[in-house]
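Working notes, beginning with the structure itself.
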Amino acid sequence: MITVLAGGTGSVKLVRGLASQETNVNVVSNVGDNYWLYGLYVCPDIDTIIYGLADLLDQEKGWGIKKDTFNFLRQMEIFGEETWFRVGDRDAATHLIRTNMLKNGKNLSDITKWMCEKFAVSVNIIPVTDNNVETRITTDKGELHLQEYWVKYRGKDPVEGIQYIGADKARPNPEAINAIHDADMVVLAPGNPLTSIGPMLQIKGIRKELSKIKKKVVAVSPLIGEDAITGPAAKYMEAAGIETNSYGLAKMYSDVCSNIVIDSKDRLLVKKIQSLDMKVYDTKITMKNKISEDALANFILKQVHV
Ligand code: FO1
C-alpha cells in the first residue's frame, strides 16, 4: 500500500502514474488553498486529483475540467462580481454540491469519498484535515489568501512571509494518520514544498506520524537546479530562507523523510544530501506525458528501497 501526500498540479501526474501500477493507493490531500467563492467552497487540490484520475482534468491549465464552459462566470460578471478566479460551469457544480453537503452537516472527508464514487475514482482521497487551514502569503499588499496572491495578483509581488492559519489547531484526519502508519511507502509528491506539502506538515499529528516512520518516506523533488519544474516553489522557498535547490528541499524535509528522488541533472548534490542522513536516488523527474509519469512511478516502486 502506497500513501501519497499531494497538493497542486505537480502532484496529480505522479499520483496518476502510481495509481496505474499499484492498486492500493491513498492520497492525503492538502486543504490550505481551499477558497470560498460566491458562497461556494472550492477545494482545488482535491478536485485536481479527482479530475486527473477521472481523465477529466484540463491538462493544459493543470486545473478545472477540460472543455468546460464559462457561462456561469460570465453571468457573475454581469452581476458586477469579480471573476478573476475562473470557475467553469461543470466545475461550479462540484463546488455547489460540496457546499450544500457541508451545510447539511457532512464533513469534507465524507463528501470527498462520495465525490470519488460519483467520478468513478477508486483511489482513496483523504483530506489531511476536516478543519480549516488557510495558506496566506504576506506581501506589501498585506496578508493575502494564496489564491489572491497567485491568481488575482499573478504571483508578481515579492513574498515577505507565508502563514498557515489554523494549522496549529487542526485535528489531523484519523484516516490520514492510518494511511501514513499502515503504508509500505509514503511519498511526498513533487508539489510546492511551502504551499502544497508544507501546510500538511504544519499539522502536528501529521508531522509526528511521518517522523515516526521516516525511513519509509520518500520525497520527490519538484526542482531541477535552482528552478521549480512549474510554479512558484523557488520563490516561496527563497522567502522562507530555504536554499532553492533539491538540497534545500531535503534539509526542509529531513525530520520527516529519509529518502529523496532528485533529477539526474542534480547529481552533484548527492553527497551533500547524503550528509543529511538521507538516501538519494536520481532519475528524470519531469513528467511531460503518460510515458514519463509511468516511468517515474515505476522508478519509485522498483528502485527506491525503503
Ligand atoms: N489557477 C489559475 O491560475 N487561475 C484560475 O482562474 C484558477 C481557477 C481555479 C478554479 C478551480 C480550481 O480547482 C483551481 C483553479 N486554479 C486556478 C488553480 C489553483 O489556483 C492553484 O493552482 C492551486 O490551488 C494550487 O494547488
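The values are calculated or read from the model by the stated rules, or taken from the named source; none is laboratory data. All values derive from a computational prediction rather than experimental measurement. Neighbour counts are summed over all protein chains in view; Cβ atoms, including those assigned to glycine, are modelled from backbone coordinates with ideal geometry. We work out accessible area using only protein heavy atoms, side chains counted, and drop any ligands, DNA or RNA first. Shrake-Rupley method; radii C 1.70, N 1.55, O 1.52, S 1.80 Å.
The residue pairs whose first member lies in region 87-106 and is among the polar types (S, T, N, Q), whose second member is within 12 Å of the ligand (Cβ to nearest atom), and whose beta carbons are closer than 8 Å, counting only pairs six or more residues apart or on different chains, are T94/D47; T99/L40; T99/Y41.
Looking only at region 130-179, how many residues end up being under 26 Å from T230 (Cβ atoms) and either among the polar types (S, T, N, Q) or touching a residue at least 12 places away in the same chain (Cβ under 8 Å) (or both)?
Looking only at region 130-179, we keep the residues that are under 26 Å from T230 (Cβ atoms), and these are 133-141, 143-165, 167, 176.
Subset that is either among the polar types (S, T, N, Q) or touching a residue at least 12 places away in the same chain (Cβ under 8 Å) (or both): 133-141, 143, 145-147, 149-153, 155, 157-165, 167, 176.
Going through region 130-179 one residue at a time, the tally reaches 30.
For region 209-217, the condition of being over 13 Å from I180 (Cβ atoms) and either touching a Cys at 6+ places or on another chain (Cβ under 6 Å) or not basic (K, R) (or both) holds for none of the residues. Does D168 fit the bill of being within 16 Å of the ligand (Cβ to nearest atom) and either assigned to a loop (DSSP other than H, G, I, E, B) or open to solvent by 70 Å² or more (accessible area, probe 1.4 Å) (or both)? No: the conditions fail for D168. Residue count for region 120-142 satisfying the condition of being surrounded by fewer than 16 Cβ atoms within 10 Å (Cβ to Cβ) and closer than 25 Å to R86 by Cβ: 3.
Go through region 20-103 and tell me which helices (runs of 4 or more DSSP H), entirely inside it, have 2 or more residues that are within 9 Å of the ligand (Cβ to nearest atom) and at pLDDT 95 or above. Steps first, please.
Values: elements: 44-53, 71-78, 89-103.
By residue number, 44-53, 89-103.
Restricting to region 110-119, count the residues that are surrounded by fewer than 19 Cβ atoms within 10 Å (Cβ to Cβ) and either in contact (Cβ under 8 Å) with a residue 60 or more places away in the chain or farther than 21 Å from I180 by Cα (or both). Even if it seems obvious, please write down each step before you answer.
Within region 110-119, the subset surrounded by fewer than 19 Cβ atoms within 10 Å (Cβ to Cβ) is 110, 113-114, 117-119.
Checking which are either in contact (Cβ under 8 Å) with a residue 60 or more places away in the chain or farther than 21 Å from I180 by Cα (or both) leaves us with 114, 117-119.
Selection size over region 110-119: 4.
Scanning region 34-69 for residues that are among the acidic types (D, E) and surrounded by fewer than 23 Cβ atoms within 10 Å (Cβ to Cβ) yields D55, D58, E60, D68.
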